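Here's the structure we're looking at; comments come further down.
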Amino acid sequence: MNVVIVDYGSGNLRSAAKAFERAAADTATAISVSADPKALKAASHIVLPGVGAFADCKRGLEGVAGMTEALEEAVIGEGKPFLGICVGMQLMAKTGREHGVHQGLGWIEGEIVPIEARDTSLVHQVFRVALDSEKVKIPHMGWNDLEVRDPPHPVFAGIETGRHVYFVHGYRILCERPGDVIAEVDYGGPLVAAVGRDNIVGTQFHPEKSQATGLQLIANFLDWRP
Amino acid sequence: MLKIRIIPCLDVKDGRVVKGVNFVDLIDAGDPVAQARVYDGEGADELCFLDITASVENRDTLYDIVRGTAEQCFMPLTVGGGVRRVEDIRTLLLAGADKVSINTAAIARPEFVAEAARKFGSQCIVVAIDAKALSPGKWEIFTHGGRRRTGIDAVDWAKRVTASGAGEILLTSMDRDGTREGFDLALTRAVADAVTVPVIASGGVGTLDHLVEGIVEGHATAVLAASIFHFGIHSIRQAKAHMKAAGVPVRLE
């Protein structure tokens, strides 16, 4: 296998690369971080990380000449397994509404909007802005337990509902097609934790920062043959 | 649902842990990466490195530590101390930090917070606030390890930096730091209720009940502690079990 982590100036690529190396430790897998669109031709698996704002990440991606086209060809054209992480997942959506309206890759029918959750239940009150407010703290930051949709997507093999993963985001994806949602979390109501369709998956959380559960998801992704 | 976070903090000086875990099975108790692995294995929710190195020349050792930790610990890592320029943040993030904590530089040049948040996203910009009580309900920010007054009100400052784009506040009571008497709960609550971002309570933890108080009474969404974990008084697991028993949502895996 030949995993290419796309470098477009966003995010902590080193952490992602190290997590993939660890998760793939038993197999003959090459992990590379590359800003060269041509590298996607030889890739067996493609990973798009991303932290920060949607627009900045989109701009960064567009700043790498030929990368968007190479992604389209490898992921949509050739059907290579693809994993988007955090803003990398959000970029899969049609539209991003963070600091203006921006076009995403358009692989998932949906848009990226601010989390404006309200929490009326007592159990959550520690995450309220204040006790007399029903608004929750933003960003959604920390470990939250997954609700994996049935039947579990192959990347969630062995990762049951209730397992915790690490989130840090102020914006969320709203999917038009419910079937694209493969896991959710509860933060003042349900938030999409992961999306999947055909050969593409995306996680709002950071598998590379989610200890054993995250490494398991990465290993599952590497084993996935969509 | 989201869980509160327990964050052990390691003070690092010239590449060595100053206050560290006193575990017998650690071959090198001063090695920050070895300490980080202990906390990772215990189920800490995040790690924090605070660099207290005085000289600029020795900064590279910090970057090596962050790199070494990120290679072995697949968990969130916050790094602070001496972060003054956008380049410092970039270097730390590329080395493997997920969040960078800014303190003195934000006070010296408040627009630094906005610049950093614009460049890297609010989610990775933590502003550290060191506050001392002036009178009941009033706290002032101090810099340089509590030696220098700024004349800035802590609650006002917390609101200001979050409006500029800080994604989290690391709030330390200088009055309580090192005392093991518990958090300054009034301070913690005043700041936590004034801002819309998560607040990490810090300074003064001496018992596991103090951790619970920081959440339930202080309204923090994360608690940071150094010595109760370092000296082997309590493990992270014990702390979590205690908090769970007190009704605080924690992650136990």
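Do you know which of the residues in region A:98-151 that are part of a strand (DSSP E or B) and at pLDDT below 90 is farthest from the other protein chains (Cβ to nearest Cβ)?
A:ARG118
For A:ASP7, only one of the following conditions fails: (1) over 18 Å from the mean Cα position of the chain (by Cα); (2) within 13 Å of chain B (Cβ to nearest Cβ). What is its number?
With (1) over 18 Å from the mean Cα position of the chain (by Cα); (2) within 13 Å of chain B (Cβ to nearest Cβ) applied to A:ASP7, the lone miss is (1).
Hey, any hits in region A:153-167 for a residue that's in contact (Cβ under 8 Å) with a residue 60 or more places away in the chain and within 20 Å of B:VAL250 (Cβ to Cβ)? Let's see the steps before the verdict.
Looking only at region A:153-167, we keep the residues that are in contact (Cβ under 8 Å) with a residue 60 or more places away in the chain, and these are A:154-159.
Okay, now just the ones that are also within 20 Å of B:VAL250 (Cβ to Cβ), so A:159.
Within region A:153-167, one or more residues are in contact (Cβ under 8 Å) with a residue 60 or more places away in the chain and within 20 Å of B:VAL250 (Cβ to Cβ).
Consider only pairs whose beta carbons are under 8 Å apart and that are at least six residues apart or on different chains; among these, list those whose first residue lies in region B:204-220 and is within 15 Å of B:ILE7 (Cα to Cα) and touching a residue at least 40 places away in the same chain (Cβ under 8 Å) and whose second residue is assigned to a helix (DSSP H, G or I) and among the hydrophobic types (A, V, I, L, M, F, W, C).
Every condition considered, the pairs that remain are B:LEU211/B:ALA239; B:LEU211/B:MET243; B:ILE215/A:VAL126; B:ILE215/B:MET243; B:ALA220/B:ALA192.
Starting from region B:167-181, keep only residues that are within 11 Å of B:GLY204 (Cβ to Cβ) and assigned to a strand (DSSP E or B), then list their pairs with residues that are open to solvent by 20 Å² or more (accessible area, probe 1.4 Å) and not basic (Lys, Arg) whose Cβ atoms are within a distance under 7 Å, requiring at least 6 positions of separation or different chains.
Close Cβ pairs (under 7 Å, with a partner that is open to solvent by 20 Å² or more (accessible area, probe 1.4 Å) and not basic (Lys, Arg)) amount to B:THR172/B:ASP130; B:SER173/B:ASP184.
Please go through region A:18-34 and give me each residue that is within 14 Å of another protein chain (Cβ to nearest Cβ) and under 22 Å from A:GLY79 (Cα atoms), ordered by number.
Passing the criteria: A:PHE20, A:ALA24, A:ILE31, A:VAL33.
Restricting the search to region B:66-87, which residues are in a helix (DSSP H, G or I) and open to solvent by 10 Å² or more (accessible area, probe 1.4 Å)?
B:ARG67, B:GLY68, B:GLU71, B:GLN72, B:VAL86, B:GLU87
Would you pick out the residues in region B:18-56 that are open to solvent by less than 20 Å² (accessible area, probe 1.4 Å) and at pLDDT below 65?
Within region B:18-56, B:GLY20, B:VAL21 qualify.
Please go through (1) within 14 Å of chain B (Cβ to nearest Cβ); (2) closer than 24 Å to A:ARG22 by Cβ; (3) buried (at least 19 other Cβ atoms within 10 Å of the Cβ) for A:GLU160 and return the number of the only condition it doesn't satisfy.
Status for A:GLU160: all satisfied but (3).
Only one of (1) away from chain A (no Cβ under 14 Å); (2) in contact with a helix residue (DSSP H, G or I) (Cβ under 6 Å, 6 or more places away or on another chain); (3) buried (at least 22 other Cβ atoms within 10 Å of the Cβ); (4) not β-branched (Val, Ile, Thr) fails for B:ALA201. Which number is that?
Of the numbered conditions (1) away from chain A (no Cβ under 14 Å); (2) in contact with a helix residue (DSSP H, G or I) (Cβ under 6 Å, 6 or more places away or on another chain); (3) buried (at least 22 other Cβ atoms within 10 Å of the Cβ); (4) not β-branched (Val, Ile, Thr), the odd one out for B:ALA201 is (1).
Identify the single condition in (1) away from chain B (no Cβ under 11 Å); (2) touching a helix residue (DSSP H, G or I) at 6+ places or on another chain (Cβ under 6 Å); (3) open to solvent by less than 30 Å² (accessible area, probe 1.4 Å) that A:TYR166 does not satisfy, given that it satisfies every other one.
Answer for A:TYR166: the failing condition is (1).
Which of the residues belonging to region B:147-186 are within 14 Å of chain A (Cβ to nearest Cβ) and farther than 26 Å from B:ILE228 by Cα?
Within region B:147-186, B:VAL155, B:ALA158, B:LYS159, B:THR162, B:ALA163, B:GLY165, B:ALA166, B:GLY167 meet the criteria.
Looking only at residues that are open to solvent by 10 Å² or more (accessible area, probe 1.4 Å) and of a type in the set (Lys, Arg) in region B:88-132, which one is nearest to the chain's Cα centre (by Cα)?
For region B:88-132, the residue satisfying everything is B:LYS132.
How many residues are touching a helix residue (DSSP H, G or I) at 6+ places or on another chain (Cβ under 9 Å), more than 13 Å from every other protein chain (Cβ to nearest Cβ) and either assigned to a helix (DSSP H, G or I) or within 20 Å of A:PRO139 (Cβ to Cβ) (or both) if we restrict to region B:88-113?
The total comes to 8.
Any idea how many residues of region A:169-211 are open to solvent by 30 Å² or more (accessible area, probe 1.4 Å) and either closer than 19 Å to A:ILE31 by Cβ or more than 9 Å from chain B (Cβ to nearest Cβ) (or both)?
Count: 12.
The values are calculated or read from the model by the stated rules, or taken from the named source; none is laboratory data. All of these numbers come straight from a predicted model, not from anything done at the bench. All Cβ positions, glycine included, derive from the backbone under ideal geometry; neighbour counts span all protein chains shown. Each accessible area value is taken on the protein alone, full model and side chains, heavy atoms only, with ligands, DNA and RNA left out. Shrake-Rupley method; radii C 1.70, N 1.55, O 1.52, S 1.80 Å.
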